[in-house]
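Each remark here refers to the structure printed beneath this line.
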Amino acid sequence: MQHSKLLYEKGILHNKKMLTQSQYSSFKFVARLDQIKTFTAGIKALSFGEHGAFMVNEDGFTCTVEQGKCIQASLFMMPGCFSEFHADGVVHFNVNMNVLNECLSIFAGIDCTMKMLYKGPEAPLILVLEPHDECDISTECSIKTTAQEEPMEYSLDENGSSLNVLFIRGPDLSNIFQEFDKSTEELEITISPRRPHFKIDTLGVMQSESSIEVAKSSDMILMFNCRETTKARYKSSLVRMTQKALSVASKVAIKTDLSGLMEMHFMLQEDSQAEVYIQFFITPLADMD
């Protein structure tokens with residue numbers, strides 16, 4: 001079999017011997033995906049972050065990025081998403097997201113199988129990619145890892161009386177966001193048990209305002225659970241960072257409470273029917289008129 005052997009470390013490509021099946025037992029983390037379309041889409045949705053914090057355990061795979069103390073995004077994939085999944089305890093490490101994206105793009109959109117392998121602290125993350133329609137070609141990428149910097153911890157009080165939750169169709173929410181002027185600086189999001197139920201107001205550079213209202217009875221809304229009115233403003237630049245996730249989401253869950261912290265879950269389609277989603281936390285602006 002002919003192999004393309006690549007070691008991607010600090011932007012330099014080197015030759016490297018391919019791993020054998022007998023070596024897998026020495027790894028802290030081994031996983032195999034039969035197709036990488038969903039994984040690649042999820043990683044690209046996190047590309048606004050320079051470094052991704054990987055966390056793997058028996059519950060699945062997580063990659064988290066953040067920008068300051070304003071926004072955090074995580075890709076979650078359950079073990080059922082993988083045709084092979086092994087984690088030795090809880091495994092933590094960081095990778096450069098630009099390098100990871102470049103490796104996933106080596107075959108220019110051709111779907112592949114992918115194996116991920118990680119041996120432990122200071123070891124690289126190994127990716128082995130094999131295109132479905134090229135049985136005699138595979139590519140191995142070795143990505144430098146660093147010690148994990150703990151991401152911020154965000155959470156809403158799931159038992160709080162002010163917790164509001166709604167599910168909306170992904171394509172419909174995408175259309176709503178596309179209607180907003182790109183000069184919009186802020187978005188004000190209101191969720192209320194009374195009409196208009198779900199409302200988004202915009203504020204632009206010239207103080208120009210627009211508003212979109214969605215009733216809970218709309219076909220866009222899949223589920224609406226609201227006991228108390230919540231209203232908060234967010235930088236539109238932060239909300240726009242969700243667009244890549246939104247473009248591939250079948251449905252979106254929006255959660256918030258009186259604190260104004262907004263949690264968004266973007267559910268991705270996955271052939272295995274296992275749970276795959278991208279979670280965003282966006283912090284509110286401090287000042288409200």
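We did not get these values from a lab; they are worked out from the coordinates using the rules stated. In this text, all values refer to a predicted model and were calculated from it rather than measured experimentally. Using ideal geometry, Cβ is built from the backbone for each residue, glycine included, and neighbour counts are taken over all protein chains shown.
State to the nearest 20 debye the size of the charge dipole of region 38-92 about its Cα centre, where the only charges are +1 on K and R beta carbons and -1 on D and E beta carbons.
Once rounded to the nearest 20, the dipole reads 280 debye.
Would region 50-90 count as rounded, prolate or oblate if I go by the C-alpha gyration tensor, calling it rounded below 1.5 in a/c and otherwise prolate when a/b exceeds b/c, oblate otherwise? Provide the component values of the computation, followed by the final result.
Details: a/c = 3.22, a/b = 2.31, b/c = 1.39.
Since a/c reaches 1.5 and a/b is larger than b/c, the shape of region 50-90 is classed as prolate.
Determine the shape class of region 55-129: with a ≥ b ≥ c the square roots of the Cα gyration tensor eigenvalues, call it rounded for a/c under 1.5, and otherwise prolate if a/b is greater than b/c, oblate otherwise.
rounded
Relative contact order for the chain: what percent, with Cα pairs under 8 Å and sequence separation of 6 or more?
It rounds to 20 percent for the chain.
Aspartates and glutamates within cross-link reach of residue 255: Cα-Cα under 12 Å, excluding same-chain residues under 8 positions apart?
Qualifying aspartates and glutamates at Cα under 12 Å: 157, 158, 263.
Among 234, 154, 118, which one shows the highest mean-square fluctuation when the chain is modelled as a Gaussian network with alpha-carbon springs under 10 Å?
Sorting by GNM fluctuation, first place goes to 154.
Defining a contact as two alpha carbons under 8 Å apart and six or more residues distant in sequence, what relative contact order in percent does region 127-245 show? Kindly include the intermediate steps, with their values, before the conclusion.
Working: 162 pairs, mean separation 30.7, N = 119.
Dividing the mean separation by the residue count of region 127-245 yields 26 percent.
My understanding is that a pair violates if its Cα-Cα distance is over 31 Å; which of 182/251; 28/251; 144/251; 69/244 do that in this structure?
Checking Cα-Cα distances, 28/251; 144/251 exceed 31 Å.
Would you mind working out the magnitude of the charge dipole of region 159-289 relative to its Cα centre, with +1 at each Lys and Arg C-beta and -1 at each Asp and Glu C-beta, to the nearest 20 Debye?
Result for region 159-289 is approximately 200 debye, rounded to the nearest 20.
What are the residues whose amide H is under 5 Å from the amide H of residue 259, where those residues sit 5 or more places off or on another chain and H is modelled from the backbone?
Residues meeting the amide H criterion: none.
Taking H as built 1.01 Å from N, whose amide H comes closer than 5 Å to the amide H of residue 156, not counting residues under 5 places away?
Result for residue 156 returns nothing.
Helix-only mean residue ellipticity at 222 nm, the chain, DSSP H runs n ≥ 4 weighted -39,500 (n - 2.57), per residue, nearest 500. What is it?
Result for the chain: -3000 deg cm²/dmol, rounded to the nearest 500.
HN-Hα J couplings of region 160-165 from phi, Karplus 6.51/-1.76/1.60, θ = phi - 60°, integer Hz, Gly and Pro as x?
x, 5, 9, 5, 10, 9
With unit charges on the beta carbon (Lys/Arg positive, Asp/Glu negative), name the residue among 184, 142, 123 whose Cα is farthest towards the positive pole of the charge dipole of region 101-197.
Checking the options against the dipole of region 101-197, the answer is 184.
Mind running the shape call on region 49-190? Use the C-alpha gyration tensor, a ≥ b ≥ c as the square roots of the eigenvalues: rounded below 1.5 for a/c, prolate if a/b tops b/c, oblate otherwise. Walk me through the numbers before you get to the answer.
Numbers: a/c = 1.94, a/b = 1.49, b/c = 1.30.
Since a/c reaches 1.5 and a/b is larger than b/c, the shape of region 49-190 is classed as prolate.
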